[in-house]
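Below is one structure, written out as structure tokens, with a few remarks after it.
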Amino acid sequence: MGEFNITGGHKLHGELKILGAKNSILPILAGTILNKGESIISNVPRLSDTFIALEILEHLDCTYTFEKDILIINSSNVSNNVIPIDLVQKMRSSIIFLGSLISLFGYCKICYPGGCKLGKRPIDLHLDNLKKLGVTILEVDDILICTANKIIGADLNLTFPSVGATENLILASVFCLGETNIINPAKEPEIIDLVHFLNSMGCNIQGVGTNCITIKGVSSLYNCEHKVVSDRIVAGTYLVAAAITDGSILLDNVNISYLQSTLDVLNQLGYYIRSYEKDNKVFITTQNKKLSLPLLETKPYPGFPTDMQSQFMALLCVSNGVSTIKETLFESRNMNVSELNKLGANIIIGENQTSIITGVNNLVGNTVYAKDLRGGASLIIAGLVASGVTTVKNSEHIERGYEDITRDLTILNGNITYSN
Ligand code: UD1
């Protein structure tokens, strides 16, 4: 359990390359078992979650090499071993292996998942719809025993466009009899990326990014190559970090259209954004006085992402006036509020996951605790403008989603160190 020490008061400037997305690489890694062969994947972020997924693959008798950002997975000897409980508990997205394993073997034994402690995180949409594909699910002491003679294509209607459920149902359906239609699927860029990866190994999946994804079952798959889409949440985090310091930074290797809702909010707050769509670059600088936001509400993509609300909360702590953020997806997103208040912020949690943030002139360094991934990032962002030193403990939460936030912010002129 390490900690970050940030000395506030340094404006961010400079240029930084953004790496591949955490929320893409994890389902893609689950998908690598399907071709029983080689997948060459580039732009892979070295996150603690990536290494947990690789450990799971090793338990399934896959092998890999990982040099620089290139990961080569060989799944020719994949077996249907039980994934150890501690690995599944460490990372919620390990539940995505259920879809791949049931697809390939018609059998999967896995426990309920862990991950960020964002409150109740049910998987009913995954399980109910897997049943519609012909999967029998037995639940014994938090262990799910899933069996299917054959996955039978079906029309699945998601009552909520869950990212994880959409991914699991796609993975479960790649070899299905006939076709599966997922109606009201999630449209997140990372799902589009997963589908590009799966189609590059021979799957037949159409309609991703629309209101219906169609998966036509195929009989075999082949080796493939894929480049992971850039991480829009990491890019957004650094844009907000630059904004809070009144700095100016240029980010490279970003997909502008996937960042749009974040850029729109920064614009509303009076920051100047210049997007270079063809070059995959985005520039931010401060232009007008920082304004407040009457209401920022998290929504499924293309709406404003729940994974960006904590970082904006830090920024709004030092903006002019009163702002409101309404979290509509996860019930425990506000675990960073008490910590931001320890730095001198004025945040009150109202009803229905609504936070009311009254801007203050200064934040003051203190010792604070990261309790989840993005909330942890918000504390580092606040530390960049707090006077004196801010110590952010429990670094392991932040390392789940940022390859090396100390390296990145140092490149951008931030004053941050890491110690064990
Ligand atoms: C994924 C992302 C996470 C992001 C979230 C929303 C990964 C590894 N994680 O998480 O970073 O914050 O999308 O964009 O990609 N729900 C149910 N039943 C289910 C499934 C979900 O009620 O079976 C509810 C959840 O409780 C939550 C909402 O749906 O309120 C969104 O969850 P979901 O889209 O599934 O998020 P994750 O896939 O867990």
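Total residues in region 269-296 satisfying the condition of being part of a strand (DSSP E or B) and either surrounded by fewer than 16 Cβ atoms within 10 Å (Cβ to Cβ) or more than 16 Å from the ligand (Cβ to nearest atom) (or both): the figure is 12. Within region 55-80, being part of a loop (DSSP other than H, G, I, E, B), over 17 Å from residue 28 (Cβ atoms) and without any contact (Cβ under 8 Å) to a residue 40 or more places away in the chain holds for 61, 68, 77, 79, 80.
From the residues in region 119-146 that are of a type in the set (Val, Ile, Thr) and touching a residue at least 12 places away in the same chain (Cβ under 8 Å), which one is nearest to the ligand (Cβ to nearest atom)?
The first filter runs over region 119-146 and keeps only residues of a type in the set (Val, Ile, Thr), leaving 123, 135-137, 140, 143, 145.
Going one step further and asking which of them are touching a residue at least 12 places away in the same chain (Cβ under 8 Å), we end up with 123, 135-136, 143, 145.
On the way: 123: 4, 135: 14, 136: 18, 143: 18, 145: 18 Å.
Here the residue is 123.
Among the residues making up region 19-33, those that are in contact (Cβ under 8 Å) with a residue 60 or more places away in the chain and assigned to a helix (DSSP H, G or I) are 22, 23, 24, 25, 26, 27, 28, 30, 31.
Taking helices (runs of 4 or more DSSP H) that fall entirely within region 329-420, which contain at least 1 residues that are surrounded by fewer than 20 Cβ atoms within 10 Å (Cβ to Cβ)?
On the way: elements: 337-342, 373-383, 395-399, 405-411.
In region 329-420, the matching helices (runs of 4 or more DSSP H) lie at 337-342, 395-399, 405-411.
Summed over region 298-321, residues that are under 26 Å from residue 386 (Cα atoms) and either at pLDDT below 95 or not β-branched (Val, Ile, Thr) (or both) total 15. Name the residues in region 147-174 that are within 11 Å of the ligand (Cβ to nearest atom), in contact with a Lys or Arg (Cβ under 9 Å, 6 or more places away or on another chain) and small (Gly, Ala, Ser), would you? Matches in region 147-174: 164 only.
Scanning region 175-227 for residues that are more than 16 Å from the ligand (Cβ to nearest atom), part of a strand (DSSP E or B) and β-branched (Val, Ile, Thr) yields 180, 205, 214, 215. When you go through (1) over 18 Å from residue 146 (Cα atoms); (2) without any contact (Cβ under 8 Å) to a residue 40 or more places away in the chain one by one for residue 83, which number turns out not to apply? The number of the failed condition is (1).
The values are calculated or read from the model by the stated rules, or taken from the named source; none is laboratory data. On a predicted model such as this, the values are computed, not experimentally measured, just so you know. Neighbour counts run over all protein chains shown; Cβ positions are idealised from the backbone, glycine included.
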